[in-house]
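Quick notes on the structure that follows.
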Amino acid sequence: MASNNALNIQSCTVQDDDVFRPVVASSCRGSFDFTLLFEQAIFSCSPLALFLLIVPLRIIWLYGRPIVTSQRH
């Protein structure tokens, strides 16, 4: 069984993973996995873009607030 999975992984080409879709080609990894392009776009770029959009808004909001400190006893 392990050798069969190894053959499926080795039959993948760069073109199979260079397509933007959630399922890889049927000849590659049993069409169970995401393509690499899809993984990079959804799981890395999307959270980073969201973070970069939210951080400036948070900084602007905090900049207008008064500084609050607590006394230490």
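The values are calculated or read from the model by the stated rules, or taken from the named source; none is laboratory data. Everything numeric here is computed off the predicted structure, so don't read it as measured data. Reconstructed Cβ throughout: ideal geometry from the backbone, glycine too, with neighbour counts over all protein chains shown.
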Worksheet, complete the sentence: Of the listed residues (ARG29, ARG21), the one being touching a Ser or Thr at 6+ places or on another chain (Cβ under 8 Å), modelled with pLDDT under 65 and of a type outside the set (A, V, I, L, M) is ARG21
Discussion item. Can you find a residue that is surrounded by 10 or more Cβ atoms within 10 Å (Cβ to Cβ), of a type in the set (A, V, I, L, M, F, W, C), at pLDDT below 85 and touching a Cys at 6+ places or on another chain (Cβ under 6 Å) anywhere in segment 33-53?
Written reply: no
